[in-house]
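Asker: Dumping the structure here so I can ask a few things about it.
The values are calculated or read from the model by the stated rules, or taken from the named source; none is laboratory data. Because the structure is predicted, anything quoted here is derived from the model rather than measured. Cβ coordinates were reconstructed from backbone atoms using ideal geometry, including for glycine residues, and neighbour counts include every protein chain displayed. All accessible areas refer to the heavy atoms of the entire protein, side chains included, with ligands and DNA or RNA removed. Shrake-Rupley method; radii C 1.70, N 1.55, O 1.52, S 1.80 Å.
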Amino acid sequence: MVNVRQKTRVAGGRPAVVAVAAGTFSVVTTEMLPVGLLTPIGEDLGVSAGTAGLTMTVPGLVAAVAAPVVTRLAGRLDRRWVLVGLMGLLTAANLLSAAATGIGVLVALRVLVGVCIGGVWAIAAGLAVRLVPERQVGPATSLIFSGIAVASVLGVPAGTMAGAAGGWRTAFLSMGAVALAVTAALAALLPPLPPPSPEAADRSGSVLGPLRAAPVRVGLLVVLLLVTGHFAGYTFVRPLLERVPGTDAGLIGGLLVAYGVAGVAGNFLAGYTVARRPRTTLLLIAAALAAVMPALAVAGGGAVGATVLVMLWGLAYGGVSVATQNRLMAAAPPGTGEGVSALFVSVFNVAIALGALVGGRVVDASSPAGAAWTGGALALLAVCAVG
């Protein structure tokens, strides 16, 4: 068994890890794609911004359920072909979304996206140990999860720019092309990945077991509050920025690029500081989000003020994943790291969906500024939970 696993690692290696990272990037970018496109999607399909926000709500909810379900349904299938199949499904969902004739069709296709998100996350999270030698597992795992981090902070600006250049349908077509390329890369670069043994696979009770530990419950609550708050405001960041004097479609695209760059910086900055001051890092992130969203809702300072606030928002949210993961791993009882990671994935995706849903209802009832105030309030509650 050891020799087989070692051969598998050598056969996969870094190219396979990069392909898996590209897969996580693709599913998360597809999930976030509507954020910068809600206004044109709503106008083209004849629905409100709040209703268009369902394209964010639905995939997150489906992904939270799909993560454990897809893994169980995969049974004895080679995980390489499960990943290839999921990426092929993502390709089809994106290409068909570009041709959607109504919001109902688009939301139905986003259900398929949710299945892909949950399935890819669930399988990719533990693949590094099967692809590289033991000494490289840590960096390889970071590389796989960097696809998620980079997609979260850069996927939206890229989609917005593609949408500005050729319409929202062009953005989905472009993402379909990316997903197709990743599908081919996974098929070519991944080695055979047999499923776990029946003994290792039959651990359904271990996922909920860590919830018995109070620090884990608090950590997951912080994730829920921060991510829900962020997406309550950020899902509607485009209509929010459209209220700021001196902004137009071109500038908004540039602002979201600035957000993405700041987010990448925030990811690495938080990764550096969280090992030394984990509680302080998480408190600063939550406090910054609690302040910046309401400040942007006030729309003071015109385009210059909006630029500063958007970059601060990106810097703060860029560190959320690494800071909350660090807290949860530190709180996990011995031997429950895998179960805590599964809970993190589910709560994170539920929070994305819940944030988009709450924000959409607030937008329909009041305005995009109301959604930003709501997001700030939830982040403030996270400050209290961390404290």
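Asker: What residue among V322, G253, V274 has its Cα farthest toward the positive end of the dipole of the stretch 209-386, where the charges are +1 on Lys, Arg and -1 on Asp, Glu, each on the Cβ?
Answerer: V274
Asker: Okay, moving on. Among 245-257, 157-169, what's the highest-first ranking by average C-beta atoms within 10 angstrom per residue?
Answerer: Peptide ranking by packing, descending: 157-169, 245-257.
Asker: Continuing with the same structure: State whether the stretch 12-202 is rounded, prolate or oblate according to the following rule on the C-alpha gyration tensor (a ≥ b ≥ c being the square roots of its eigenvalues): a/c under 1.5 gives rounded; otherwise a/b larger than b/c gives prolate, and the remaining case gives oblate.
Answerer: Judged from the Cα gyration tensor, the stretch 12-202 comes out prolate (a/c at least 1.5, a/b above b/c).
Asker: Now for a separate question. Could you report the chain's accessible area per residue, 1.4 Å probe, as an integer in Å²?
Answerer: So the chain comes to 39 Å² accessible per residue, rounded to a whole number.
Asker: With angles folded into 0 to 90 degrees, how steeply does helix 320-331 sit against the dominant principal axis of the chain? Use alpha carbons for both and round to 10.
Answerer: For 320-331 against the chain, the angle is about 50 degrees.
Asker: Follow-up. May I ask you to derive the FRET efficiency for A265 and R135 from their Cβ-Cβ distance with R0 = 30 Å, giving the value to the nearest 0.05?
Answerer: For R0 = 30 Å, the calculated efficiency reads 0.60.
Asker: Here is a further query. How big is the dipole moment of the stretch 24-99 about its Cα centre under a simple scheme where the beta carbon of each Lys and Arg is +1, that of each Asp and Glu is -1, and everything else is neutral? Debye, nearest 20, please.
Answerer: 480 debye
Asker: Sticking with this one: Can you give the relative contact order of the chain as a percent, counting alpha carbon pairs under 8 Å and 6+ residues apart?
Answerer: Computed over the chain, the figure is 26 percent.
Asker: Roughly how many percent of the accessible protein surface of the stretch 12-202 is carbon and sulfur, given a 1.4 Å probe and a whole-percent answer?
Answerer: Whole-percent figure for carbon plus sulfur exposure: 72.
Asker: Given R₀ = 25 Å, what would the calculated FRET efficiency be for L283 paired with S146, taking r from the Cβ atoms and rounding to 0.05?
Answerer: Working from the Cβ atoms, E equals 0.55.
Asker: How far apart, in nm, are two points set 7 Å out from the Cα along the Cα-to-Cβ line at V218 and at A249?
Answerer: 4.9 nm
Asker: Mind checking which of V18, A353, A128 is farthest towards the positive end of the chain's charge dipole, using Cβ charges of +1 (Lys, Arg) and -1 (Asp, Glu) about the Cα centre?
Answerer: Of V18, A353, A128, it is A128.
Asker: May I pose another question? Could you work out what % of the accessible surface of the stretch 211-293 is carbon and sulfur, using a 1.4 angstrom probe and leaving DNA, RNA and ligands out of the count?
Answerer: Working: 2220 of 3300 Å².
Ligands and nucleic acids excluded, carbon and sulfur reach 67 percent.
Asker: How far is helix 79-97 tilted off the main Cα axis of the chain, in degrees rounded to 10, range 0 to 90?
Answerer: Around 20 degrees separate the two axes.
Asker: Can I ask one more? Using the C-alpha atoms of the stretch 209-386, what convex hull volume per residue, in cubic angstrom, is computed?
Answerer: Spelled out: Cα convex hull of the stretch 209-386, divided by residues, is 101 Å³.
Asker: Using only the alpha-carbon atoms, how far is helix 103-124 inclined from the longest principal axis of the chain? Give it as 0 to 90 degrees, nearest 10.
Answerer: Between helix and principal axis, roughly 40 degrees.
Asker: Further question: Nothing charged except the Cβ atoms of Lys and Arg (+1) and of Asp and Glu (-1): what's the magnitude of the dipole of the stretch 12-202 about its Cα centre? Round to the nearest 20 debye.
Answerer: Result for the stretch 12-202 is approximately 320 debye, rounded to the nearest 20.
Asker: Another question, then. Normalising by the residue count of the stretch 235-387, find the relative contact order in percent from Cα pairs under 8 Å and 6+ residues apart.
Answerer: 35 percent
Asker: In the set (1) 21.7; (2) 23.5; (3) 20.9, which value of Kirkwood radius over Cα pairs in Å was calculated from the structure you see?
Answerer: (3)
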